[in-house]
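The values are calculated or read from the model by the stated rules, or taken from the named source; none is laboratory data. Everything numeric here is computed off the predicted structure, so don't read it as measured data. Heads up, the Cβs are rebuilt from the backbone with ideal geometry, glycines too, and the neighbour counts pull from every protein chain shown.
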């Protein structure tokens with residue numbers, strides 16, 4: 001069920017049952033009214049526990065939320081943590097030295113300023129500095145997190161990166177894989193890291209992904225083919 | 001009236017807005033890290049900058065800034081972003097009015113354009129703010145969305161901005177009047193502007209519907 005909502009619209013909620021509010025919804029502390037605060041498609045789902053409500057909307061600036069997978073840039077190093085930027089000019093988040101696999105007081109991670117990391121948001125209270133971790137805290141394994149070496153970062157809208165990461169039907173990565181081998185890390189903070197064997201392939205991937213943003217899915221194949229034709233002399237049919 | 005959101009690449013929300021011959025670009029960035037002196041411990045700080053169509057900003061632009069701030073502050077869900085900053089920059093491209101005498105048309109263009117840009121940016125809003133200019137002409141006619149010529153020949157002019165919640169005007173955010181008028185005129189103006197704001201709200205919704213369906 002999805003309908004268009006504009007900030008301030010009235011939403012019919014069963015007041016008898018518990019409600020869980022997701023992104024785009026807000027409980028005003030003064031009036032105690034539950035209202036959508038973003039323009040987008042309203043999603044209400046029912047479960048045994050209660051009703052879950054969120055608004056699906058696209059934006060450019062990321063605010064940390066627990067569980068999000070993000071690509072960050074190390075901007076500072078302190079006594080026991082790194083300072084990491086998830087989007088330019090936003091409040092930085094912290095990455096503890098202990099939030100790495102096999103971390104101990106003696107065994108310090110070796111990241112330097114300017115490095116890219118793939119991480120998970122583990123703490124995001126709006127009054128406090130958000131925290132991220134490069135380790136699966138349930139079992140201590142690296143789980144694919146950590147330093148991203150070489151490659152290139154593409155900036156995209158948050159809605160687009162969510163489609164890339166969560167929508168298995170989204171054809172972009174499958175189409176790209178037809179043309180070259182690549183490694184990818186998608187952060188829902190609007191940063192996509194991509195690495196290929198050759199610079200020209202990286203450039204083609206970069207341009208394809210940036211350009212497919214905001215285009216209908218039917219056009220993806222054509223756009224990607226065009227860019228690969230530009231950088232390589234041969235292209236398989 | 002014409003609005004186009006997402007006009008600028010490097011800001012979070014933007015809108016190119018034109019009404020008659022007034023034209024303005026609004027840019028919204030936020031929530032971002034504030035300077036130490038702007039930071040508010042429990043809520044979102046708001047910085048508004050207005051750049052005139054020609055010359056440098058003067059006291060006139062600061063006056064418009066303060067009015068835009070008075071309108072925009074109540075619509076922000078500001079407690080959702082403690083110690084953050086929202087920066088709004090408005091660049092006028094065409095004034096559309098005789099600048100030394102009036103600022104009514106620019107003010108309304110700034111407010112409406114900011115609303116579009118704020119929604120585009122994804123900053124949490126409790127409602128939306130839309131406004132209109134109404135003038136009473138010398139022969140006691142009410143005219144909404146006047147031109148410079150009509151402003152010059154008016155008996156009084158009024159800027160009215162409403163907060164829109166749940167698809168209807170819920171709160172009068174600003175009423176700014178100049179000239180010769182009485183209580184009856186004010187009531188008529190409020191009635192007329194509410195009708196106009198309802199129309200603007202309808203246009204706004206249609207625009208957003210189209211934009212979201214395109215994704």
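Taken over the stretch A:179-201, the criterion of being crowded, with 20+ Cβ neighbours inside 10 Å and under 22 Å from residue A:69 (Cβ atoms) is satisfied by A:185, A:186, A:187, A:188, A:189, A:190, A:191, A:192, A:193, A:194, A:196.
Scanning the stretch A:1-19 for residues that are within 12 Å of chain B (Cβ to nearest Cβ) and in a loop (DSSP other than H, G, I, E, B) yields A:6, A:7, A:8, A:9, A:10, A:11, A:12. Among residues of the stretch B:201-215 that are farther than 22 Å from residue B:169 by Cα, those with a beta-carbon under 8 Å from a residue that is part of a helix (DSSP H, G or I) and modelled with pLDDT of 90 or more at least six positions away or on a different chain give the pairs B:215/A:159. A count restricted to the stretch B:80-110 and to residues that are without any contact (Cβ under 8 Å) to a residue 60 or more places away in the chain, more than 22 Å from residue B:180 (Cβ to Cβ) and outside any strand (DSSP E or B) stands at 6. Counting only residues that are free of Cβ contacts under 8 Å to residues at least 40 places away in the same chain and either farther than 18 Å from residue B:75 by Cα or in a strand (DSSP E or B) (or both), the stretch B:17-53 holds 2 of them. The strands (runs of 3 or more DSSP E) found wholly in the stretch A:20-81 and carrying at least 2 residues that are touching a helix residue (DSSP H, G or I) at 6+ places or on another chain (Cβ under 7 Å) and within 14 Å of chain B (Cβ to nearest Cβ) occupy A:40-46.
Kindly evaluate residue B:62 against the criterion of being away from chain A (no Cβ under 14 Å), modelled with pLDDT of 95 or more, touching a strand residue (DSSP E or B) at 6+ places or on another chain (Cβ under 7 Å) and closer than 26 Å to residue B:147 by Cα. Judged against the criteria, residue B:62 is not a match. Within the stretch B:149-160, the set of residues being in contact with a strand residue (DSSP E or B) (Cβ under 9 Å, 6 or more places away or on another chain) and either assigned to a loop (DSSP other than H, G, I, E, B) or more than 14 Å from residue B:190 (Cβ to Cβ) (or both) comprises B:150, B:151, B:153, B:154, B:155, B:157. Residues that are touching a strand residue (DSSP E or B) at 6+ places or on another chain (Cβ under 6 Å), within 16 Å of residue A:108 (Cα to Cα) and assigned to a strand (DSSP E or B) within the stretch A:132-146 comprise just one, A:133. In this structure, residue A:113 does satisfy being away from every other protein chain (no Cβ under 14 Å), loosely packed, with under 12 Cβ neighbours inside 10 Å and free of Cβ contacts under 8 Å to residues at least 60 places away in the same chain. So which of B:116, B:79 ends up being surrounded by fewer than 18 Cβ atoms within 10 Å (Cβ to Cβ), within 14 Å of chain A (Cβ to nearest Cβ) and within 23 Å of residue A:23 (Cα to Cα)? None of the others qualify; the one that does is B:79.
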